[in-house]
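Report on the following structure.
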Amino acid sequence: MARERRFDLLILGSGSTAFAAALQAQELGKSAVMTEERTLGGTCVNRGCLPSKNLIEAARLVHDARRPRYPGLQPAEMKFDFGRLVAQKDEVVSEYRDRKYKSLLGGNFDVVTGHAQFVDEHTVDVDGQRLRGEKILIATGSRPVVPQIEGLDRVPYLTSDLLTSGEEQELHELPRSLVIVGAGYVALELGQMFQRFGSEVTLIERGAGLLARGYEPEVGTSIAEYLESEGVRILTRAQVHSVQKGGEGILATVQIDGEERQVRAERLLVAAGRRPNSDRIAIERAGVELDEEGAVRVDEYLRTNVSHVFAAGDVIGREAASQMATPVGSHDGGIAAHNALSRESPRRVDHRVVPRAIFLDPQVAVVGMTEEQVVAAGYRCWCRAVPLSVVPRAGAVRDTRGFVKLVADRDTTEVLGATLVSTNAAEVIHEAAMALRFHARLHDFIDLLHVYPTMAEALKIGAISRFKDPAKLSCCAE
Ligand SMILES: Cc1cc2nc3c(=O)[nH]c(=O)nc-3n(C[C@H](O)[C@H](O)[C@H](O)COP(=O)(O)OP(=O)(O)OC[C@H]3O[C@@H](n4cnc5c(N)ncnc54)[C@H](O)[C@@H]3O)c2cc1C
């Protein structure tokens with residue numbers, strides 16, 4: 001029988017959620033252990049946020065050189081070495097992982113390497129080692145969904161794991177052409193990136209348009225227009241029926257409005273969403289319940305149905321109105337550890353205001369409700385989208401792509417949601433997020449002095465459009 005090690009908090013996973021929990025345990029003077037079967041640090045640092053944003057920015061530099069916005073700047077074909085770009089991405093990831101994750105280990109918390117699964121409700125087996133937790137946190141994250149497509153098990157395909165380093169899934173060579181199954185945020189970010197590096201990209205989307213769920217309808221239509229203008233081919237109402245090897249690559253048979261079409265590409269990327277890693281940890285031995293999407297069911301204190309077992313991060317999916325994003329997991333990881341270990345009152349999670357972004361160019365950033373959600377919630381909506389062309393900064397730097405949309409309660413003028421498609425939208429959205437946090441009204445945006453000329457003025461101009469024609473403002477959005 002394996003020797004058992006005991007901890008105050010046993011954490012399944014070592015991603016950003018797990019680290020936040022382990023650090024909180026340390027602050028409370030408790031012992032904690034994490035478990036990891038892949039690379040320390042989890043998805044965000046190793047194969048998600050960090051490597052994708054690194055390469056997306058490199059692709060933007062290549063694109064901007066090729067298509068300068070200013071008359072007087074000569075287009076230039078910037079030479080690049082994709083293999084070297086991948087290698088520098090690996091260096092950035094490795095340096096960040098060492099500094100932000102590895103260097104924190106030791107003292108009161110450590111990581112055990114191997115595949116973790118429950119033995120009983122207090123014990124986990126990690127490749128033969130037994131770990132016992134007085135309290136347990138499930139933070140095993142999520143992984144790419146692999147849809148049922150005929151022939152997929154017989155052809156090589158990529159997933160978002162192509163961004164990883166030191167694992168066999170990493171992509172080192174730029175494909176000449178790429179067909180992407182799915183058009184969610186990962187598919188769109190990677191699709192634009194590869195197109196800018198020179199791959200011929202085809203996106204295959206089941207729905208009638210891009211980003212149809214959870215976004216304002218204007219987002220999908222504008223993003224489709226910008227991507228198509230760069231050469232990305234977008235097939236909507238399209239479903240991949242089967243895939244097979246064809247020539248030197250992949251041949252996908254796609255059903256579009258009842259008709260069959262064949263799409264050829266050198267490589268296939270499956271980016272059809274993510275599912276919680278709740279199915280390979282023998283969770284039934286702990287008696288922990290899952291919801292219909294396989295997410296661990298939790299309440300607003302991140303407690304599962306088993307009183308000493310908590311869950312947070314991607315593995316809880318949309319439970320407690322959560323979202324799969326790094327800041328949500330790392331904020332909640334700390335709350336889960338506090339609730340598991342502290343004698344102080346338990347803390348509730350607050351997922352009412354979660355700003356999120358898609359790192360396209362122009363960026364998409366949203367917070368709060370959409371017009372459809374506001375109406376469904378029973379408000380009388382004042383909702384308006386204003387084109388970026390009325391924002392002085394956008395005109396000054398010759399990039400008027402995008403719009404700002406505010407949705408507000410018509411009666412109180414409280415702002416309930418904001419959507420931005422613009423450069424720097426992921427930065428600007430924080431003003432709207434703070435405003436929503438404190439239940440700000442349209443006049444709070446209008447009365448706040450903004451730096452001129454900035455993209456943040458878009459929010460002020462969006463609010464002004466409730467009362468005036470934003471095309472007829474003088475300087476400084478006043
Ligand atoms: C391409 C891509 C880009 C992204 N970009 C962004 C972005 O820009 N901004 C953002 O906020 N979010 C982004 N995300 C999402 C973000 O990466 C995740 O929301 C976040 O990493 C989730 O953290 P987590 O700690 O909950 O899970 P993870 O980071 O996935 O950590 C869970 C860990 O548990 C391990 N594990 C699972 N099962 C077991 C087991 N049985 N035994 C041992 N170990 C196990 C896994 O190997 C993993 O390392 C992106 C994701 C992808 C894929």
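Points worth noting:
- Each residue in the stretch 441-461 was checked for being small (Gly, Ala, Ser) and open to solvent by less than 10 Å² (accessible area, probe 1.4 Å), and 1 of them qualify.
- Odd one out for residue 121, checked against (1) within 13 Å of the ligand (Cβ to nearest atom); (2) more than 21 Å from the chain's Cα centre (by Cα); (3) over 30 Å from residue 248 (Cβ atoms); (4) open to solvent by 20 Å² or more (accessible area, probe 1.4 Å): (1)
- Some residue of the stretch 248-256 being at pLDDT 95 or above, buried (at least 21 other Cβ atoms within 10 Å of the Cβ) and under 30 Å from residue 136 (Cβ atoms): no
- Unique residue being away from the ligand (no atom under 11 Å from the Cβ) and aliphatic (A, V, I, L, M) when the list is 18, 87: 87
- Criterion: over 27 Å from residue 359 (Cβ atoms) and within 31 Å of the chain's Cα centre (by Cα) - qualifying residue of 443, 439, 430: 439
- One residue stands out in the stretch 290-310 among those that are surrounded by fewer than 18 Cβ atoms within 10 Å (Cβ to Cβ) and more than 25 Å from the chain's Cα centre (by Cα): the one that is farthest from the ligand (Cβ to nearest atom), namely 307.
- You will find that of 176, 206, the residue that is touching a strand residue (DSSP E or B) at 6+ places or on another chain (Cβ under 6 Å) and farther than 24 Å from residue 363 by Cβ is 206 and no other.
- Residues in the stretch 272-288 that are open to solvent by 40 Å² or more (accessible area, probe 1.4 Å) and closer than 11 Å to residue 12 by Cβ: 1 in all.
Residue-wise test of (1) more than 18 Å from residue 58 (Cβ to Cβ); (2) touching a helix residue (DSSP H, G or I) at 6+ places or on another chain (Cβ under 6 Å).
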site	(1), (2)
159	yes, no
170	no, no
173	no, no
186	no, yes
218	yes, no
226	yes, no
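- At least 1 residues being acidic (Asp, Glu) is the threshold, and among the strands (runs of 3 or more DSSP E) wholly inside the stretch 240-311 those reaching it are 259-265.
- Look at the stretch 426-440: where a residue is part of a helix (DSSP H, G or I) and a partner is open to solvent by 20 Å² or more (accessible area, probe 1.4 Å) and of a type in the set (S, T, N, Q), sitting 6+ places away or on another chain with Cβ atoms under 7 Å, you get 426/363.
- Exactly one residue out of 152, 174 is open to solvent by 20 Å² or more (accessible area, probe 1.4 Å), touching a residue at least 40 places away in the same chain (Cβ under 8 Å), away from the ligand (no atom under 16 Å from the Cβ) and of a type in the set (A, V, I, L, M), and it is 174.
- Considering residues of the stretch 35-53 that are under 14 Å from the mean Cα position of the chain (by Cα) and open to solvent by 20 Å² or more (accessible area, probe 1.4 Å) only, the residue farthest from the ligand (Cβ to nearest atom): 50
- Scope the stretch 441-472; condition β-branched (Val, Ile, Thr) and either in a helix (DSSP H, G or I) or touching a residue at least 60 places away in the same chain (Cβ under 8 Å) (or both); matching residues: 446, 454, 461, 464
- The number of residues in the stretch 327-365 being more than 14 Å from the ligand (Cβ to nearest atom), open to solvent by 50 Å² or more (accessible area, probe 1.4 Å), in contact with a helix residue (DSSP H, G or I) (Cβ under 6 Å, 6 or more places away or on another chain) and not basic (Lys, Arg) comes to 1.
- Residue check, residue 158 within 12 Å of the ligand (Cβ to nearest atom), of a type outside the set (S, T, N, Q) and more than 22 Å from the chain's Cα centre (by Cα): no
- Single unsatisfied condition, residue 368 versus (1) surrounded by fewer than 18 Cβ atoms within 10 Å (Cβ to Cβ); (2) within 26 Å of the chain's Cα centre (by Cα): (1)
The values are calculated or read from the model by the stated rules, or taken from the named source; none is laboratory data. Quick caveat, the model's predicted, so the values are computed rather than measured. Please note: Cβ atoms are built from the backbone with ideal geometry, for glycine as well, and neighbour counts cover all protein chains shown. Note: areas computed on protein heavy atoms with side chains; ligands, DNA, RNA excluded. Shrake-Rupley method; radii C 1.70, N 1.55, O 1.52, S 1.80 Å.
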